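**Q** Pasting in a structure now, in structure tokens, and then I'll have a few things to ask.
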Amino acid sequence: MKKSLFALFLGLSMMLVSCNNGSGSETGSSKESLSENESTYENTESPSSDSNENPGSTNTHGELPGQDVRVMSMNLDANEATISKRARNLVSVLESYAPDSIGVQECRGTWNSLLPRLLSPAYERVGVAADGSKQSSSAFATYIFYNSEKYNLVDSGTFWLSFTPDIPSIYGSTVDCNRTCTWAILENKETGFKYVHMNSHLDWMDVNATDYQISLIRDQILRFEKMGLPVFATGDYNTDEGSDTYKLMLNSEKIADSKFVAEKSMDLGTYPSYGSYDVTKQKPIDFCFITKDMMTVKEYKVVDDKPDGEYISDHNGLFIHAFVHPLADSFDAAQRPDISSLKINVDETEANRIQISFNSVVNENPITEYTITVIDSSGNEVQSKTEFSGYMNKTVPVQISTSLSGLSPETEYKVYVTAKNLFGLESEQISATLTTGKALEPEDVGKADLFELFVNEDGQFADISENRFEITVLGSPRTVKNGGEYAVCFERDGCLKIPGIKDHYDELGDGFSAEVYVKFNSVSGDLQNIFGNMHSGGFGFEAENGKITAYLHCGGAYKTIEYAVETGNYYHIVSTYDTESFKLYIDGELVGSVETSGDMGYPTDAGARWL
């Protein structure tokens, strides 16, 4: 792969190289507004509770008192057509049980603004939507609302019920959408008592997916249990009580279904679908699993309340009242992770990038993430990034590898690594002194066949390929210095236009590679075009909501490959097409590949036939 010499910030350094060939819906869709004074609700969220402001723990001997805990679970039904009719009654029912915490499923769209506004201000929210955003109009969320007047939020997180739990992702092509589990560790402000609420929404289309997802949740329950934390795991599990999938959760003697250990219980289904099904003849599909040796369940209740005779959702909710026994304060005795034995290895050195790796640390209390920080000789932080440990993955990584980009040639840097565990405790730092390589001379890089951008200190842009394409500058991109090289910075109001590319479509159709080197000043929010020749055809790179997407129109439709990126980081991005496959490489690593067939498609609109 040829390498570009010139970099562009939030723009690109690019070369195009041509080569010859041979080288079940769960929601409704309409939206009904509330009454006039209610339709002005804004899309807002209460600020998170800061557990450092008022830890409130009064125990002095490493033991915590027992406490009654009331938790609830409620699938809200995301059907926009009925939310306005149900919202007030649903919230009224939830609050009537005075829960300490509430796990909700299918919270999206109108629910995102209504639920925080209608619930008592005491309830604060944790979690993210299944697409990774704070809240979404289209993606489900398994949020947890907790009584912030009574509890501090010690820690919380969301993991995806997929083979890559740390990042927004889907189980596979046999299911319809991303699925998540959100968790929160809550601490009583007066006593220091702690418990965990986990809340999830599993797949319903593929039993293999549901099996995998329930096992993932079970294993995390057991990790919290080993930490000495009582757990309530609520959710819509989309499997029948007594099924083989259900039994996977209970194959550990430490976990029980709260229904069958409660002093006061009931037998009722949880999916009436607004009266379409007889819940007296059903088994539940919504559950609250608990760490049974840590508590006594006083009551298990299927919440089938119908204010004014109306259903509040297509699901019945759950209410669980338990007394958690006095327990040792596991946080009091928790140890920081020890990574002193790790060694930072240098795997690859370039002028502006160093690839490092180190072995994973595996112990009783798993490390959740590593933080890598790069410091220059003046003591300034050049870069800081987080790499997840992958401790929940089906195959746990034995080595962590990461690329440190955007560095200056022949420059010495100090690299520090710290680790954090499930207790939220950080390790001591390990460090290494690393030096980047020499800057490449133009003759070392090689020229692109079709287009290669050159930037100089005077802000001039030129194509230095043999084609010498004319470049039209639109807006006001500016020239900045990146190490010893010059780059072009785009701030949403400019672009470089290369009309001559349309004369080379035949060459591109036989295969090509496209390469950019880019730093993102922002990766969230609106669509950002990195470069492309796309209009009902063509190819290119775009970024939106924290992801790069590579596009290729082939065989009558776009082929796409996505990759999650972070603000402030540099990325060396390369896509390749050889008529049989379309691939995306990030920092030299293959991150996605799709098969292709049929001819490459190009924009047919004359006004769009430019790069």
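The values are calculated or read from the model by the stated rules, or taken from the named source; none is laboratory data. The shown structure was predicted, so the numbers you read here are calculated from the model rather than taken from an experiment. Ideal geometry is used to build each Cβ from the backbone, glycine not excepted, and the neighbour counts take in all protein chains shown. Quick note on the areas: whole protein, heavy atoms, side chains included, nothing else; ligands and nucleic acids left out. Shrake-Rupley method; radii C 1.70, N 1.55, O 1.52, S 1.80 Å.
**Q** All but one of (1) open to solvent by 40 Å² or more (accessible area, probe 1.4 Å); (2) under 25 Å from residue 571 (Cβ atoms); (3) in a loop (DSSP other than H, G, I, E, B) hold for residue 382; state the number of the condition that does not hold.
**A** (3)
**Q** Select, from 577, 563, the only residue that is open to solvent by 60 Å² or more (accessible area, probe 1.4 Å), modelled with pLDDT of 80 or more and either over 24 Å from residue 136 (Cα atoms) or touching a strand residue (DSSP E or B) at 6+ places or on another chain (Cβ under 7 Å) (or both).
**A** 563
Each row is one residue, and each column tells you yes or no for (1) assigned to a loop (DSSP other than H, G, I, E, B); (2) surrounded by fewer than 20 Cβ atoms within 10 Å (Cβ to Cβ); (3) hydroxyl-bearing (Ser, Thr, Tyr); (4) modelled with pLDDT of 80 or more.
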site: 439; (1), (2), (3), (4): yes, yes, no, no
site: 470; (1), (2), (3), (4): yes, yes, no, yes
site: 476; (1), (2), (3), (4): yes, yes, yes, no
site: 488; (1), (2), (3), (4): no, no, no, yes
site: 500; (1), (2), (3), (4): no, yes, no, no
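**Q** Could you check how many residues of the range 237-264 are exposed (fewer than 15 other Cβ atoms within 10 Å of the Cβ), more than 21 Å from residue 202 (Cβ to Cβ) and either among the basic types (Lys, Arg) or over 35 Å from the mean Cα position of the chain (by Cα) (or both)?
**A** Summing the residues that are exposed (fewer than 15 other Cβ atoms within 10 Å of the Cβ), more than 21 Å from residue 202 (Cβ to Cβ) and either among the basic types (Lys, Arg) or over 35 Å from the mean Cα position of the chain (by Cα) (or both) in the range 237-264 gives 2.
**Q** Over 20 Å from residue 386 (Cα atoms) and buried (at least 17 other Cβ atoms within 10 Å of the Cβ): is that true of residue 536 in this structure?
**A** It is false that residue 536 is over 20 Å from residue 386 (Cα atoms) and buried (at least 17 other Cβ atoms within 10 Å of the Cβ).
**Q** Is it the case, given these coordinates, that residue 155 is within 30 Å of residue 544 (Cα to Cα) and either open to solvent by less than 10 Å² (accessible area, probe 1.4 Å) or not in a loop (DSSP other than H, G, I, E, B) (or both)?
**A** Considered against the rule, which asks whether it is within 30 Å of residue 544 (Cα to Cα) and either open to solvent by less than 10 Å² (accessible area, probe 1.4 Å) or not in a loop (DSSP other than H, G, I, E, B) (or both), residue 155 comes out as yes.
**Q** Another one. Which one of 362, 396, 374 is more than 30 Å from residue 499 (Cα to Cα) and either of a type in the set (Gly, Ala, Ser) or not in a loop (DSSP other than H, G, I, E, B) (or both)?
**A** None of the other options fit; the residue is 374.
**Q** If we scan the range 207-215, do we find a residue that is out of contact with any helix residue (DSSP H, G or I) (no Cβ under 7 Å at 6 or more places or on another chain) and open to solvent by 10 Å² or more (accessible area, probe 1.4 Å)?
**A** yes
**Q** Right, something else. Just the residues that are among the basic types (Lys, Arg) and either open to solvent by 50 Å² or more (accessible area, probe 1.4 Å) or under 33 Å from the mean Cα position of the chain (by Cα) (or both), please, taken from the range 277-309.
**A** Matches in the range 277-309: 281, 283, 292, 298, 306.
**Q** Go through the residues of the range 542-550 one by one and say whether even a single one is touching a helix residue (DSSP H, G or I) at 6+ places or on another chain (Cβ under 6 Å) and either among the polar types (S, T, N, Q) or buried (at least 19 other Cβ atoms within 10 Å of the Cβ) (or both).
**A** Within the range 542-550, not a single residue is touching a helix residue (DSSP H, G or I) at 6+ places or on another chain (Cβ under 6 Å) and either among the polar types (S, T, N, Q) or buried (at least 19 other Cβ atoms within 10 Å of the Cβ) (or both).
**Q** Filter the range 406-428 for residues that are in a loop (DSSP other than H, G, I, E, B) and either within 26 Å of the chain's Cα centre (by Cα) or buried (at least 19 other Cβ atoms within 10 Å of the Cβ) (or both) and give the result.
**A** Across the range 406-428, the qualifying residues are 406, 407, 422, 423, 424, 425, 427.
**Q** Hey, among the residues in the range 158-183 that are touching a helix residue (DSSP H, G or I) at 6+ places or on another chain (Cβ under 6 Å) and modelled with pLDDT under 95, which one's least open to solvent (accessible area, probe 1.4 Å)?
**A** Applying the filter and picking the extreme gives 175.
**Q** Does residue 186 satisfy the condition of being open to solvent by less than 40 Å² (accessible area, probe 1.4 Å), within 17 Å of residue 331 (Cα to Cα), assigned to a loop (DSSP other than H, G, I, E, B) and not small (Gly, Ala, Ser)?
**A** When the stated conditions are applied, residue 186 does not pass them.
**Q** Of these, 333, 351, which one is at pLDDT below 90 and surrounded by 13 or more Cβ atoms within 10 Å (Cβ to Cβ)?
**A** Result: 351 is the single residue among 333, 351 that is at pLDDT below 90 and surrounded by 13 or more Cβ atoms within 10 Å (Cβ to Cβ).
**Q** Shifting gears a bit: Tally the residues that are under 28 Å from the mean Cα position of the chain (by Cα) and assigned to a loop (DSSP other than H, G, I, E, B), restricting the search to the range 336-351.
**A** Residues meeting the conditions: 6.
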